[in-house]
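Undergrad: Here it is, the structure, as C-alpha cells.
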Amino acid sequence: GAPPPPPPARLTPHYLRKAAAYARARADQGCFPRLRWPCWRHIACGKLQLSREIAWLYFELFRGLLGPAPPLRLRWAEAEAACASAEELERERSKARALTRPRAGGARTPPKGEPGPTWLFPFLLFLYVQQLHKVSLRRSLLGDEWPSPRTQSPSLTGKSAGGNKNWNDQEHLAFVQSHLLDMLELLLEPEQLSASSHSSCSSLVSYEAVCALSFLLEGTVGNSGTVWPLHELALRQPCHGHNGYSKVSRAFSLAKLESWLRSSLTANPLGMTVCLKAGKKLAWAQQVEGTTRRAKIACSARVVPKVSPMVIMSQVYRQTLAKSSDTLVGAHVRIHRCNESFIYLLSPLRSVSIEKCRNSTFVLGPVEMSVHVQSCDNIKVIVVCHRLSLSSTTGCTFHTLTPTQPLILSGNQAVSFAPFHTHYPMLEDHMAQVGLATLPNYWDSPMLVCRDSGDTSVFRLLPPWDFYTFVIPFEMEGDTTETPGGLPQEYQEVLSQREQKVQVWQRMVKEAGLSRDQRKQFQTLVENKFYEWLVQTGNRQQLDSLVPPAVGSKQAAG
C-alpha cells in the first residue's frame, strides 16, 4: 500500500490535518463521511499540489486495498473499458467512492446501534503511512538508521534488511510507535483539537476513528489464535479500563487509548521475519552442484483464516522451477537473488516482489494486487496483474496485461514493455478468481512517477519485429487455449508474416526434389544450425533444465 518512492512534498501530517478539516466541512459535496473522487481530486490537485494522475493513483490504490470482491473488480473493469474518451472515463471515475469495509481481516460490521466505519478516516491513515518511505537527512548522511535493535529485521540472507521497508516488520512497528499520536490526532473531531490542531489531555477519540485504525491494526486476546480487528478488541469489556472507553459517550480517552495501544503493539507475527525463522521449508528447488549458493524456499503456515500466506524464494540458481500449488493460492510471494533461472508460478497470487535477480525469466499466474520489481538486471517478467511497478532495474522486459498504468519509479534503464503473449490451461479461471479482465489494458502506457524518472528514454515499447510468443511447456487441465484478449494488430501481423515465411520455406523444401540421402544430409545440417542457435542464445540451458530430475533429487510437492 505504500509505493517505494518518497511521498510528495505536501503529503505531510500538517496538510493531511487541513485536508481532513476541509473534507468534514463539505459533507454535502461528497467529501464526508465517504470521500468521492471529485472531492479528493480537488483536495489533491488544488490543496496538496498533486498531479491528477498521482491523485488517482493513491485513490485507486487504496480502493484496491479494501479487498473488493472479484465480481466487483470485473464490473469496474467493464465500465472503464466501455469509456470511449477521457471525458467519459472521468465521469465514470466520478462515481467512485469507498467501499464500507476494509480488507479481509479488517473492520467488520459494528455492533447494533454503532455507526459504521468511515471511509475518509482509513484513507487519511493510508496517506499518512506513505511517510514510511520519506527520506530522512540522518539516513541520507549516514547511509542507514542509527543503530537500533527495533529497526533491524533479518533479510533473506540473514543480514539486516535496509532496502525495501515494505517487507520489514520491525520498520512497520517502529513507524507506528513513533507516529501513533499523530495518527490519532488526524482522526479527532474538530472540537477535540486545540487552536494549534493538536490534542489535549481531555481529548476523546470517536468509535469510528478506532474503526479506521482497524485498517492498520489487528490482534488477539491472550493465546487465542483468533485475529480480531482493533475496534472489536477495544470494545471488549476487560479492555475498557485500559483504553478509556465510555459507553455513555461511545468514545475513548485519547491518553488511555494511546497508552493501551503502545503497551500492546508488537511486530506482525505472520510477516516475513517469522516466515524466515519458523516457516515451513519447501524442497521445490534443486541444489546445483559446484556452487556455494543454496536455494531457500519457505512459506508461512495458514494458521489464520483470511490472512494471506507468504512464500519466500531465494537463491534459485541455473534451473527451471515450476509450481501450480495450493501453497501459492492467494499468497504474497517474495523472490530474491535468483539468477539464470526460469521460474513458473502458475497459481492465482496476492502480490509478488522480485528483488536483486539477474538473467532470469518469471512466468506468474494472475496477481490480484501488485508486482514490484526492484534492483534487477536483464530479467523477463510475464504476468497478468492489477499493478506493476519497477525501480532500479536495467535491461528488463515486461510482458503484461494490466488495468492500470505500469509505474516507473527511480533508477531504471533500458526498460522494455510488451503485450502479454502466452497462456496456460487454467489462466482464465485464475484471472476470474482474482477479478482481472482482458480490458482495459494499459501495458503500453507507463507512468513516470519520480522526478529522476521523468526522462521517457528510460523505456521503450518492444518493436514488433523483436516480438515472439512464449510457450509454457507444461501440461495442465483447463479450458484456456490462447492468449486472453489476443495480441495488438501490429504484433499479430509480424507473427503472421513469419508464419507465411515458414510455409514458403517448407513448400520450397518439399518441391526441391531431394533424394533420400540429400534429405537426411539437409536435416542434419538444419539440426546442427539449430543446436548452435540454442547454445548462442542460452536457450540450451532452458531446454536442459526442463528434463525431469533424477529420482533421488526430485522436486518436492507442496
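The values are calculated or read from the model by the stated rules, or taken from the named source; none is laboratory data. Computed from a predicted model, the values in this text were never measured in an experiment. No Cβ is skipped: glycine too gets one built from the backbone with ideal geometry, and neighbour counts run over all protein chains shown. Just so you know, the surface numbers come from the protein's heavy atoms only, side chains and all, with ligands and any DNA or RNA stripped out. Shrake-Rupley method; radii C 1.70, N 1.55, O 1.52, S 1.80 Å.
Undergrad: Taking 0.36 nm per intervening residue step and subtracting the Cα-Cα distance, what contour gain separates residue 460 from residue 193 on full extension?
TA: Details: separation 267, 0.36 × 267 = 96.12 nm, distance 5.10 nm.
Once the chain is fully extended between residue 460 and residue 193, it gains 91.0 nm.
Undergrad: Can you work out the PRE-style zone for residue 468? Point 7 Å along Cα to Cβ, and I want the residues of region 344-373 with backbone N under 16 Å.
TA: Zone members listed by number: 360-362.
Undergrad: Turning to a different aspect of this structure: Can you give the convex hull volume of the alpha carbon atoms of region 335-382 per residue, in Å³?
TA: Numbers: hull volume 2.5 nm³, N = 48.
Expressed per residue, the convex hull around the Cα atoms of region 335-382 is 53 Å³.
Undergrad: Sticking with this structure for a sec: Report the relative contact order of the chain, percent, no decimals, based on alpha-carbon pairs under 8 angstrom and at least 6 residues apart.
TA: Values: 987 pairs, mean separation 51.7, N = 558.
Computed value for the chain: 9 percent relative contact order.
Undergrad: Another question, if that's okay. With only alpha-carbon atoms counted, please give the Rg and Dmax of region 272-487, in Å.
TA: 16.7, 50
Undergrad: What are the residues whose amide H is under 5 Å from the amide H of residue 395, where those residues sit 5 or more places off or on another chain and H is modelled from the backbone?
TA: 378, 413, 414, 415
Undergrad: Where both partners of a DSSP beta bridge lie in region 272-487, what percent of those bridges are antiparallel, to the nearest 5? Write down the numbers at each step before the final one.
TA: Details: 6 of 59 bridges.
Counting DSSP beta bridges with both partners in region 272-487, the antiparallel share is about 10 percent.
Undergrad: If I take R0 = 60 Å and measure r between the Cβ atoms of residue 42 and residue 532 in this structure, what FRET efficiency does the formula 1/(1 + (r/R0)^6) give, to the nearest 0.05? Mind dumping the intermediate values first?
TA: Working: r = 63 Å, r/R0 = 1.05.
Computed FRET efficiency for residue 42 and residue 532: 0.45.
Undergrad: Roughly how large, in nm² to one decimal, is the mean projection of the convex hull of the alpha-carbon atoms in region 488-533?
TA: Details: hull surface 15.9 nm².
The orientation-averaged projected area of the Cα hull of region 488-533 comes to 4.0 nm².
Undergrad: Calculate what fraction, in whole %, of the accessible area of the chain sits on carbon and sulfur atoms when a 1.4 Å probe is rolled over the protein chains.
TA: Details: 14370 of 27460 Å².
Within the chain, the accessible surface is 52 percent carbon and sulfur.
Undergrad: Just the number please: accessible area per residue for region 305-392, 1.4 Å probe, all protein chains included, in Å². Could you put the intermediate results ahead of the total?
TA: On the way: 2170 Å² over 88 residues.
Here the residues of region 305-392 average 25 Å² of exposed surface.
Undergrad: Using 1/(1 + (r/R0)^6) with R0 = 51 angstrom and r between the beta carbons of residue 498 and residue 79, what's the FRET efficiency to the nearest 0.05? Could the numbers behind the result be given before it?
TA: Numbers: r = 37 Å, r/R0 = 0.73.
E(calc), rounded to 0.05, equals 0.85.
Undergrad: Please give me, ordered by residue number, the GluC sites (Glu not before Pro) of region 463-512 that lie in loop per DSSP and have at most 12 other Cβ atoms within 10 Å.
TA: Working: sites: 475, 477, 482, 490, 493, 499, 511; in loops: 475, 477, 482, 511.
Filter output for region 463-512: 475, 477, 482, 511.
Undergrad: If you don't mind, another one. Place +1 on the Cβ of every Lys and Arg and -1 on the Cβ of every Asp and Glu in region 272-487, take the dipole about the Cα centre, and give the residue among 412, 353, 282 whose Cα lies farthest towards its positive end.
TA: The residue sitting most towards the positive pole is 282.
Undergrad: Rounding to the nearest 20 debye, state how big the charge dipole of the chain is about its Cα centre with +1 on each Lys and Arg Cβ and -1 on each Asp and Glu Cβ.
TA: Values: 61 positive and 46 negative charges, 258 e Å.
Once rounded to the nearest 20, the dipole reads 1240 debye.
Undergrad: Note down the relative contact order for region 417-527 as a percent, whole number, built from C-alpha pairs under 8 angstrom at least six residues apart. Kindly include the intermediate steps, with their values, before the conclusion.
TA: On the way: 67 pairs, mean separation 45.3, N = 111.
About 41 percent, as a whole number.
Undergrad: Related question: Would you mind computing Rg(Cα) / (2.2 N^0.38 Å) for the chain, counting N as its residues? Mind dumping the intermediate values first?
TA: Numbers: Rg = 26.3 Å, N = 558, 2.2 N^0.38 = 24.3 Å.
Working it through for the chain, the quotient is 1.08.
Undergrad: While we're looking at this one, here's another question. Considering only Cα-Cα distances, which of the following residue pairs are longer than 24 Å: 356/529; 380/501; 134/296; 47/95; 501/529; 47/134? Can you show the working numbers first?
TA: On the way: 356/529 35 Å; 380/501 27 Å; 134/296 32 Å; 47/95 22 Å; 501/529 18 Å; 47/134 20 Å.
With Cα atoms farther than 24 Å apart: 356/529; 380/501; 134/296.
Undergrad: Note the full-extension length gain between residue 507 and residue 24 as 0.36 nm times their separation in residues minus their Cα-Cα distance, in nm to one decimal. Before the final figure, lay out the partial values.
TA: Details: separation 483, 0.36 × 483 = 173.88 nm, distance 7.47 nm.
My answer for the length gained is 166.4 nm.
Undergrad: Give me Rg/Rg_expected for region 1-49, where Rg uses Cα atoms only and Rg_expected = 2.2 N^0.38 Å with N residues. Working shown, then result.
TA: Values: Rg = 11.4 Å, N = 49, 2.2 N^0.38 = 9.7 Å.
Computed over Cα atoms of region 1-49, the ratio equals 1.18.
Undergrad: State, to one decimal in nm, how far the label point of residue 524 lies from the label point of residue 539, with both points 7 Å from Cα in the Cβ direction.
TA: Here the answer is 2.4 nm between the modelled labels.
Undergrad: While we're on this one: For region 44-96, compute the orientation-averaged projected area of the C-alpha convex hull (one quarter of its surface), in nm². Display every interim value, and only then the final one.
TA: On the way: hull surface 16.1 nm².
The number I arrive at for region 44-96 is 4.0 nm².
Undergrad: Residue 359 to residue 445: FRET efficiency via 1/(1 + (r/R0)^6), r the Cβ-Cβ distance, R0 45 Å, to the nearest 0.05? Before the final figure, lay out each step's value.
TA: Values: r = 28 Å, r/R0 = 0.62.
Computed FRET efficiency for residue 359 and residue 445 comes out at 0.95.
Undergrad: Sticking with this one: If you add up the charges near residue 380, with Lys and Arg at +1 and Asp and Glu at -1, over every other residue whose beta carbon is less than 14 angstrom from its beta carbon, what do you get? Working shown, then result.
TA: On the way: positive: 358; negative: 340, 377, 466.
It works out to a net charge of -2.
Undergrad: Rounded to the nearest angstrom and ordered from largest down, what semi-axes does the equivalent ellipsoid of region 169-264 get from its C-alpha gyration tensor (root of 5λ)? Show your work: numbers first, answer last.
TA: Details: eigenvalues 95, 58, 23 Å².
Working from the Cα gyration tensor, I get semi-axes of 22, 17, 11 Å.
Undergrad: Kindly list the residues of region 357-387 that lie in the label zone of residue 394, defined by a backbone N under 13 Å from the point 7 Å along the Cα-to-C-beta vector.
TA: Residues passing the 13 Å test: 357-359, 375-379.
Undergrad: Further question on the same structure: Pull up the DSSP beta bridges for the chain and report the antiparallel fraction as a percent, rounded to 5.
TA: Working: 14 of 67 bridges.
Beta bridges within the chain, antiparallel portion: roughly 20 percent.
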